[in-house]
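Below is one structure, written out as structure tokens; comments come after it.
The values are calculated or read from the model by the stated rules, or taken from the named source; none is laboratory data. Everything quoted here is computed from the prediction, not taken from an experiment. Note: ideal-geometry Cβ built from the backbone for every residue, glycine included; neighbour counts use all protein chains shown. The area values use the complete protein model at the heavy-atom level, side chains included, leaving out ligands, DNA and RNA. Shrake-Rupley method; radii C 1.70, N 1.55, O 1.52, S 1.80 Å.
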Amino acid sequence: QSEFGGREIVVGPVFVGGLQITRKIYVPSDQSYARFLEIVTNPGAAVVNYTLPIYTNLGSDGSEPFVVTSSGDGIASTADDWLVTDDGVGGDPSVTHVVSGQGGALRTSSFVKSIGEVSYGYALSLQPGETQIVMHFASQSYDQTAAVNRAQQLASLQLNALAGMTEAVVAIDASGVV
């Protein structure tokens, strides 16, 4: 399915661990990033605790000498809002992962950059009937400085990062996630 004039693709819902999960992927026509909304709903009658996993293969065959994090130490941790990696070779682009926003209420419960991949998770606790939305971003660039700048901009919801989101979705998102 698509929404927002074909700019947003909807995948799901799928059912995992008693939860209904839908992913929305939005790519603006005038910016080089993708926004992911992971919409998690508990349709059951009991509280469900669930860690939402996100995994990315960097496509760099395990060579990423350029690693920058929001904390500046180059090691991804749950204290970081974003990570940029690059293999330093002209073929593959720099890859940006924005996992939390500045001042976001929900932090990652895990955030690991290992050889050739990045993975992170969000620990969610959903009451019966509750929906939580996790928003995160990815981007690619052939310029490392531009990739770092874009990470900072997306973490602070610049670049029209909320385009196409309904007021209801923004309200759910603002209540506890990124």
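Whether any residue in region 154-164 is open to solvent by less than 60 Å² (accessible area, probe 1.4 Å), under 18 Å from Gln20 (Cβ atoms) and at pLDDT below 95 is what I want to check. No, region 154-164 contains no residue that is open to solvent by less than 60 Å² (accessible area, probe 1.4 Å), under 18 Å from Gln20 (Cβ atoms) and at pLDDT below 95.
If you go through region 1-24 and pick out every residue that is touching a residue at least 40 places away in the same chain (Cβ under 8 Å) and part of a strand (DSSP E or B), you end up with 3.
Report yes if some residue within region 11-19 is open to solvent by less than 30 Å² (accessible area, probe 1.4 Å), within 15 Å of Val99 (Cα to Cα) and at pLDDT 95 or above; otherwise report no. Within region 11-19, not a single residue is open to solvent by less than 30 Å² (accessible area, probe 1.4 Å), within 15 Å of Val99 (Cα to Cα) and at pLDDT 95 or above. Taken residue by residue, region 51-67 has no member that is under 23 Å from Ser156 (Cβ atoms), open to solvent by 70 Å² or more (accessible area, probe 1.4 Å) and in contact with an Asp or Glu (Cβ under 8 Å, 6 or more places away or on another chain). The set of residues in region 124-142 being within 30 Å of Ser60 (Cα to Cα), open to solvent by less than 60 Å² (accessible area, probe 1.4 Å) and more than 14 Å from the chain's Cα centre (by Cα) consists of Ser141 alone. Within region 25-50, being part of a strand (DSSP E or B), open to solvent by less than 30 Å² (accessible area, probe 1.4 Å) and aromatic (Phe, Trp, Tyr) holds for one residue alone: Tyr26.
Could you list all residues from region 98-109 that are open to solvent by 20 Å² or more (accessible area, probe 1.4 Å) and in contact with a helix residue (DSSP H, G or I) (Cβ under 6 Å, 6 or more places away or on another chain)? Listed by number, the list holds a single entry, Gln102.
Would you check if there is a residue in region 48-69 being modelled with pLDDT of 95 or more and either in contact with a Lys or Arg (Cβ under 6 Å, 6 or more places away or on another chain) or of a type in the set (Asp, Glu) (or both)? No; the residues of region 48-69 include none that is modelled with pLDDT of 95 or more and either in contact with a Lys or Arg (Cβ under 6 Å, 6 or more places away or on another chain) or of a type in the set (Asp, Glu) (or both). Taken over region 67-97, the criterion of being free of Cβ contacts under 8 Å to residues at least 60 places away in the same chain and under 12 Å from the mean Cα position of the chain (by Cα) is satisfied by His97 alone. Among residues of region 33-51 that are under 18 Å from Arg7 (Cα atoms), those with a Cβ under 7 angstrom from a residue that is assigned to a loop (DSSP other than H, G, I, E, B), sequence gap 6+ or separate chain, pair up as Tyr33/Leu159; Ala34/Val27; Arg35/Ala161. If only residues of region 1-10 that are open to solvent by 40 Å² or more (accessible area, probe 1.4 Å) and hydrophobic (A, V, I, L, M, F, W, C) are counted, the one that is modelled with the lowest pLDDT is Phe4. For region 73-97, the tally of residues that are within 15 Å of Ile54 (Cβ to Cβ), open to solvent by 10 Å² or more (accessible area, probe 1.4 Å) and of a type in the set (A, V, I, L, M, F, W, C) stands at 3.
How many of the residues making up region 74-131 are part of a loop (DSSP other than H, G, I, E, B), touching a Leu at 6+ places or on another chain (Cβ under 9 Å), under 30 Å from Gly44 (Cα atoms) and not polar (S, T, N, Q)? Total meeting the criteria: 3.
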